[in-house]
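To start, the structure itself, in structure tokens.
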Amino acid sequence: MAPLTKPITSTFTLFSLTISSCKMATKFSSALLLLLSIQMSIQLLASAGNFYRDVDITWGEGRGKIQEGGRGLALSLDKLSGSGFQSKNEFLFGRFDMQLKLVPGNSAGTVTTFFLSSQGEGHDEIDFEFLGNVSGQPYTVHTNVYTQGKGNKEQQFHLWFDPTAAFHTYSIVWNPHRIVFLVDNSPIRVFNNHESIGIPFPKSQAMKVYCSLWNADEWATQGGRVKTDWTLAPFTAYYRNINIDGCAVSSGTSSCKSIGSANNAKPWQTHELDGKGRNRLRWVQSRHMVYNYCADSKRFPQGFSEECKRSRF
């Protein structure tokens with residue numbers, strides 16, 4: 001709150017001013033996030049890839065369709081099958097941006113995904129999953145990190161906007177130091193490399209980008225209590241402006257000569273949160289986080305993983 005020009009003698013007046021300041025701060029935070037969303041959309045439009053060039057629709061028997069000359073892609077789900085696609089290339093580190101508009105209305109039981117994954121039993125994986133809900137209830141954004149086949153690093157969020165009304169940008173920044181999950185360029189989660197204290201970190205297996213829309217009503221909505229209403233099918237989610245800036249790997253050789261070197265490093269290679277980023281992360285996690293594995297004592301009665309005791313930045 002700005003300095004007052006004259007003393008306040010009324011407690012009620014001071015309380016009213018404090019409430020007003022809080023409301024102004026909340027409105028400012030929302031306006032800042034909207035501005036970031038607009039800026040991110042402009043940047044992606046300028047640098048977006050092409051679905052014809054960059055991905056293969058791998059399953060769904062025609063339920064996945066590339067649109068807008070390669071700018072967009074729609075995935076559909078009905079009672080017989082969902083659908084999905086994957087990147088043609090695999091990558092070892094990079095920044096991965098995707099705009100999504102999620103299934104509207106009663107999306108209970110459905111899961112829309114955007115994630116990175118390697119293959120095999122001991123695979124690595126970095127997840128964005130969007131768990132549908134009944135009409136009027138918020139989507140749950142589910143994030144997780146797997147290393148060598150082991151996950152259990154879930155954090156979940158409710159978004160501060162309606163993700164079905166318009167496209168929004170979801171990003172994964174992955175370098176040898178950290179993984180950052182972003183929504184409209186605002187960080188919602190950081191998973192740092194804590195190999196020094198014995199916490200595995202995905203850094204040796206190249207991963208492809210995967211996206212899908214599928215039915216998971218045995219667990220996705222309210223713990224599986226609410227099932228998919230198939231009378232509303234087909235369900236459709238829309239993807240747009242895929243943008244991958246990463247180290248493509250082919251025959252074991254990376255397209256990047258060095259990662260994170262001072263010379264010619266791309267921003268994602270040394271990405272870390274500045275002061276504004278840390279403030280935005282605090283705002284999101286304090287107001288919109290609905291589950292954190294680092295606070296689930298019932299699930300982990302033996303104690304939390306060591307990284308939970310370190311800085312979230």
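The values are calculated or read from the model by the stated rules, or taken from the named source; none is laboratory data. What you see is a predicted model; the values in this text were computed from it and never measured. Note that each Cβ is placed from the backbone with ideal geometry, even for glycine, and that neighbours are counted across all protein chains shown. Side chains are part of the model used for accessible areas, which takes the heavy atoms of the whole protein and leaves out ligands, DNA and RNA. Shrake-Rupley method; radii C 1.70, N 1.55, O 1.52, S 1.80 Å.
Can you tell me which residues in the range 169-180 are among the polar types (S, T, N, Q) and part of a strand (DSSP E or B)?
Residues satisfying the conditions are THR169, SER171.
Has the range 226-238 got at least one residue that is part of a strand (DSSP E or B), open to solvent by 20 Å² or more (accessible area, probe 1.4 Å) and in contact with a Gly (Cβ under 7 Å, 6 or more places away or on another chain)?
yes
Any idea which of (1) under 29 Å from GLY120 (Cβ atoms); (2) touching a helix residue (DSSP H, G or I) at 6+ places or on another chain (Cβ under 7 Å); (3) open to solvent by 10 Å² or more (accessible area, probe 1.4 Å) is the one TRP160 doesn't satisfy?
Going through (1) under 29 Å from GLY120 (Cβ atoms); (2) touching a helix residue (DSSP H, G or I) at 6+ places or on another chain (Cβ under 7 Å); (3) open to solvent by 10 Å² or more (accessible area, probe 1.4 Å) one by one, TRP160 breaks only (1).
Of everything in the range 132-146, what is open to solvent by 10 Å² or more (accessible area, probe 1.4 Å) and touching a residue at least 24 places away in the same chain (Cβ under 8 Å)? Give them in sequence order.
Within the range 132-146, ASN133, VAL134, SER135, TYR139, THR140, TYR146 qualify.
Residue under question is THR270, and the condition is that it be free of Cβ contacts under 8 Å to residues at least 12 places away in the same chain, within 30 Å of LYS88 (Cα to Cα) and of a type in the set (Val, Ile, Thr); does it hold?
So THR270 does not fit the description; no.
Any chance the range 247-264 includes a residue that's at pLDDT 95 or above, in contact with a Lys or Arg (Cβ under 8 Å, 6 or more places away or on another chain) and either open to solvent by less than 70 Å² (accessible area, probe 1.4 Å) or within 29 Å of ALA108 (Cα to Cα) (or both)?
Taking every residue of the range 247-264 in turn, none turns out to be at pLDDT 95 or above, in contact with a Lys or Arg (Cβ under 8 Å, 6 or more places away or on another chain) and either open to solvent by less than 70 Å² (accessible area, probe 1.4 Å) or within 29 Å of ALA108 (Cα to Cα) (or both).
Of the numbered conditions (1) surrounded by 16 or more Cβ atoms within 10 Å (Cβ to Cβ); (2) in a helix (DSSP H, G or I), LYS276 fails exactly one; give the number of that condition.
So LYS276 meets the others, but not (1).
Here is a list: GLN269, GLN285. Which entry is within 18 Å of THR143 (Cβ to Cβ) and surrounded by 12 or more Cβ atoms within 10 Å (Cβ to Cβ)?
Of GLN269, GLN285, the one residue that is within 18 Å of THR143 (Cβ to Cβ) and surrounded by 12 or more Cβ atoms within 10 Å (Cβ to Cβ) is GLN285.
Looking only at residues in the range 288-313 that are touching a His at 6+ places or on another chain (Cβ under 8 Å) and open to solvent by 40 Å² or more (accessible area, probe 1.4 Å), which one is modelled with the highest pLDDT?
Checked the range 288-313; the qualifying residue modelled with the highest pLDDT is VAL290.
Give the range 181-218 a look and list any residue that's touching a Gly at 6+ places or on another chain (Cβ under 7 Å) and either charged (D, E, K, R) or part of a loop (DSSP other than H, G, I, E, B) (or both), or say none.
ALA216, ASP217, GLU218
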